[in-house]
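Trainee: Sharing a structure, written as structure tokens. Questions coming.
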Amino acid sequence: MYSFEPTEEQRMLIDAVERYAVNDLREAARDAEESGEIPRALIEKGWEMGVLQASVPEQYGGFGEHSAVTGVLAAEAMACGDLAIALAVMAPSTYVMPILYGGTEAQKEALIPPVIEAEWKPYVAALTESRFDFYLGEMSTIAKKTKSGYSLTGEKAYVPFADQAESFLVFAALDGKTQAFIVPPDAEGLTVGERDKLLGIHALPTFPLTLEDVKVPTNARLGGDDGFDPASVIASAQFTIAAMAIGLSKAALDYALPYAKEREVWGKPIAQRQSIAFMLAEMAIEVESNRLLAWEAAWMLDEEQDASKAAYLALTGASDTAMSVTDRAVQVLGGHGYIREHPVELWMRNGRGISTFAGMAMV
Amino acid sequence: MISFKMPEKIEQSVVIMETIAENMMRPVSRYFDEHEHEIPWDYIEFMHTSQKAMGGGGVLTDSEKKKKKEGPSISFQRLAFTSEILSWGDVGMWLCTPGGGLGGAAVNATGTPEQKERFLSHYRGEKPVFDAMALTEPHAGSAMPAEVRMTAVRDGEEWILNGEKIFVTAGNKALVDSDGFVVMWATIDPEAGRAGVRPFVVEAGTPGCTVTKMEHKLGIRSSDTVSIVLQDCRIPFDNILGSPEVVKKKKTKKGFKGAMATFDATRPLVAASALGIARATIELLKDMLLEQGVEIRYGLPRSTMTNIEREIVDMETLLRSTWLLTVKAMWLADERKSNTIEASMCKVKAGDVVVKVTQRAVELMGPLGYSREYLLEKWFRDAKINDLYEGTGQINRLIVARRILEYSRHELS
């Protein structure tokens with residue numbers, strides 16, 4: 001049966017996350033953006049909502065059952081507050097979820113509980129690389145088999161909290177196939193570079209990471225000797241950021257709507273003019289239709305179907321949605337939209353990054 | 001619980017519909033495009049016979065009501081699939097489906113149980129019958145039903161209807177080629193504006209009801225589009241759809257709301273039909289490209305895709321997102337929840353998507369796309385109607401905008 005109705009339990013989670021997003025994140029977003037710092041208490045509050053913990057089974061320290069659908073619902077709700085802070089809260093998910101999807105039983109038991117059972121700590125993935133043609137299926141960072149394990153060499157980028165990371169999950173190509181390796185922050189040959197300066201998400205500290213012949217033992221490879229099939233991780237990376245893009249777009253639409261009803265020109269609200277009203281209608285249509293792509297991809301993964309194409313289409317649609325909707329939100333506000341007193345310019349900058357951010361959160 | 005699992009019952013009908021679309025529609029699609037106003041009787045007879053065999057009467061009124069206890073209703077969702085798949089076959093022929101017209105949808109949305117039985121039982125007869133809905137008049141289309149000029153005056157146990165309707169889909173089949181009916185939107189109080197508008201059923205053979213013109217169109221040529229003139233056309237009193245109170249209370253908005261309730265069902269239906277054409281186009285495009293050795297690679301970043309890959313990935317994204325929204329609109333209808341905004345949303349986007357996809361396809365395939373040897377140019381012509389009928393893209397944008405802004409039509413028009 002088709003159904004577009006979240007369960008009662010999911011509804012409660014969404015409501016709680018939405019409250020946090022609107023009351024806490026939206027309030028803190030501008031200061032965090034301008035100062036480049038997120039108050040740790042704010043991240044901790046988001047972490048305690050337990051989105052990640054609830055999707056990890058009990059035997060690995062969580063208190064739930066994995067559901068990608070629940071994950072995308074929560075991801076959208078959180079990103080509706082502020083994308084950068086939501087990515088900060090969810091940063092450990094990029095470490096835990098690949099282990100959950102592709103790790104051996106021993107890896108799951110050893111690696112997940114220390115993340116899940118503690119307060120928020122920066123366990124993060126090093127995934128993105130700084131090339132125009134980067135994508136998740138093809139890494140330039142190379143892993144080579146050695147006598148006692150693997151050697152990793154390459155450049156990573158956009159690694160959140162790399163300067164204080166507890167541990168890294170580094171993605172690299174082994175014989176041309178994307179694989180992942182646990183790398184401790186003090187590994188020899190690992191260097192954290194200068195903090196990135198980006199177009200948006202200024203609140204989130206991200207760094208380049210250089211690996212020069214970094215040696216890791218055999219059991220550091222995700223999935224053990226046979227490795228793991230990265231398809232689920234790539235799909236999750238795509239539909240999670242897609243859902244967050246929808247949250248971001250929803251925020252922009254919800255901000256532009258009341259503004260358009262208040263702002264008057266020639267004696268009546270601009271929302272009563274078709275040029276504005278039609279833009280708003282189209283924004284709403286894009287949000288509503290593209291949201292369902294992310295839902296469907298997540299549902300397919302939960303059903304153990306091949307979600308690769310669905311997740312890819314979801315990201316394609318959501319990336320376009322985020323750009324067009326945030327751009328139009330700025331347009332509806334006119335000159336005011338360009339001023340940093342309003343959040344729409346920030347959302348527009350963040351919106352452009354969606355396709356680049358794939359892999360910075362996973363559910 | 002969010003789920004995208006196709007119900008088993010729909011899965012079964014999908015297989016049947018696909019067979020019909022592929023074997024009964026596609027082979028004659030070009031023929032009926034080139035022979036405008038010829039009627040695809042083979043398809044029609046087949047559909048009529050098989051609908052009867054399945055115990056239903058008409059596409060819109062399946063046998064589900066007889067088995068109400070079998071869980072939630074899925075009839076609107078199934079209808080979306082039917083519309084999508086048969087439009088994939090041939091949209092003009094889909095519009096020729098007996099018992100599948102908008103007249104039936106209006107009766108379903110606004111009629112009393114007695115009226116539903118009386119009018120929809122036409123479908124169960126020996127011969128196929130058609131139905132149509134007439135709203136547009138020469139002076140106004142999108143402004144309907146507020147500016148209806150066709151009048152209905154009560155005379156004892158009869159109504160006398162006068163006026164002209166245009167752009168009536170399948171009107172000729174309903175009134176001339178079969179013993180069908182047309183739902184006419186007429187006003188019982190011309191002073192009252194849209195509040196005076198009511199739906200009336202005019203059956204084939206009623207004196208004073210004449211088809212006066214058959215249009216020649218850009219596409220959907222196997223479907224007739226006609227003008228109908230009513231001149232002192234007398235119909236029984238109880239052919240006014242809905243309960244008698246809609247007659248007594250002149251100021252009630254029930255008539256208008258009836259028209260709107262009809263659209264809540266028919267707009268997603270049109271969206272689904274549009275998306276059937278879009279899917280057909282994308283599939284043929286990919287097949288033709290594959291023959292030339294061009295295979296679409298999925299998963300790449302835009303910066304490394306070829307232009308054709310990017311076009312097709314974008315088309316597929318648009319198609320899928322709009323289809324899911326259409327299913328959602330129909331799911332809401334099945335759940336008996338309000339779906340007005342979703343109905344207009346999917347209609348807007350489906351109209352845009354099918355027009356864009358078909359126009360791009362002709363461009364991308366160059367001389368092949370432009371040639372009548374292939375169906376791409378036909379679908380380009382068929383597609384455009386979806387951005388026009390059941391409310392243009394602009395009218396539906398207005399409806400969406402009013403809803404999200406919480407504006408009345410006085411505040412935003």
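The values are calculated or read from the model by the stated rules, or taken from the named source; none is laboratory data. Keep in mind that this is a model prediction, so the values were computed, not measured. Quick reminder, even Gly has a Cβ in these numbers, built from the backbone with ideal geometry, and neighbours come from all protein chains shown. Please note that ligands, DNA and RNA were not included when accessible areas were found on the heavy atoms of the full protein model with its side chains. Shrake-Rupley method; radii C 1.70, N 1.55, O 1.52, S 1.80 Å.
Trainee: Tell me the helices (runs of 4 or more DSSP H) entirely within the range A:32-86 that contain at least 3 residues that are under 15 Å from the mean Cα position of the chain (by Cα) and in contact (Cβ under 8 Å) with a residue 12 or more places away in the chain.
Mentor: Those helices (runs of 4 or more DSSP H) span A:40-47, A:68-79.
Trainee: Restricting to the range A:1-25, count the residues that are within 12 Å of A:Glu76 (Cβ to Cβ), open to solvent by less than 70 Å² (accessible area, probe 1.4 Å) and not small (Gly, Ala, Ser).
Mentor: 5
Trainee: How many residues does the range A:122-177 hold that are outside any strand (DSSP E or B) and open to solvent by less than 70 Å² (accessible area, probe 1.4 Å)?
Mentor: Count: 17.
Trainee: Further question: Which condition breaks for A:Leu292 when tested against (1) over 17 Å from the mean Cα position of the chain (by Cα); (2) not assigned by TED's automatic domain parsing to the domain that holds A:Val265?
Mentor: So the condition that A:Leu292 fails would be (2).
Trainee: Let me ask something else about it. State whether one or more residues within the range B:179-189 are within 14 Å of B:Ala259 (Cβ to Cβ), of a type in the set (Gly, Ala, Ser) and open to solvent by 40 Å² or more (accessible area, probe 1.4 Å).
Mentor: no
Trainee: Would you confirm whether any residue within the range A:302-309 is open to solvent by less than 30 Å² (accessible area, probe 1.4 Å), within 13 Å of chain B (Cβ to nearest Cβ) and in a helix (DSSP H, G or I)?
Mentor: no
Trainee: Another question, if that's okay. Among the numbered criteria (1) part of a loop (DSSP other than H, G, I, E, B); (2) open to solvent by 10 Å² or more (accessible area, probe 1.4 Å), which one does B:Met133 miss?
Mentor: (1)
Trainee: Counting only residues that are within 18 Å of A:Ala284 (Cβ to Cβ) and of a type in the set (Val, Ile, Thr), which one in the range A:328-343 is farthest from the chain's Cα centre (by Cα)?
Mentor: Applying the filter and picking the extreme gives A:Val332.
Trainee: Let me ask another. Collect the residues in the range B:388-413 that are open to solvent by less than 30 Å² (accessible area, probe 1.4 Å) and at the interface with another protein chain (Cβ under 8 Å from one of its Cβ atoms), keeping them in residue-number order.
Mentor: B:Arg397, B:Leu398, B:Val400, B:Ala401, B:Leu405, B:Tyr407, B:Leu412
Trainee: Next question, about the same structure. Take the residues in the range A:282-292 that are at the interface with chain B (Cβ under 7 Å from one of its Cβ atoms) and closer than 17 Å to A:Ala77 by Cβ; name whichever of them is most open to solvent (accessible area, probe 1.4 Å).
Mentor: A:Glu288
Trainee: Residues to consider are B:Val327, B:Val270, B:Val313; find the one that is within 10 Å of chain A (Cβ to nearest Cβ), within 17 Å of the chain's Cα centre (by Cα) and of a type in the set (A, V, I, L, M).
Mentor: Answer to the check: B:Val327.
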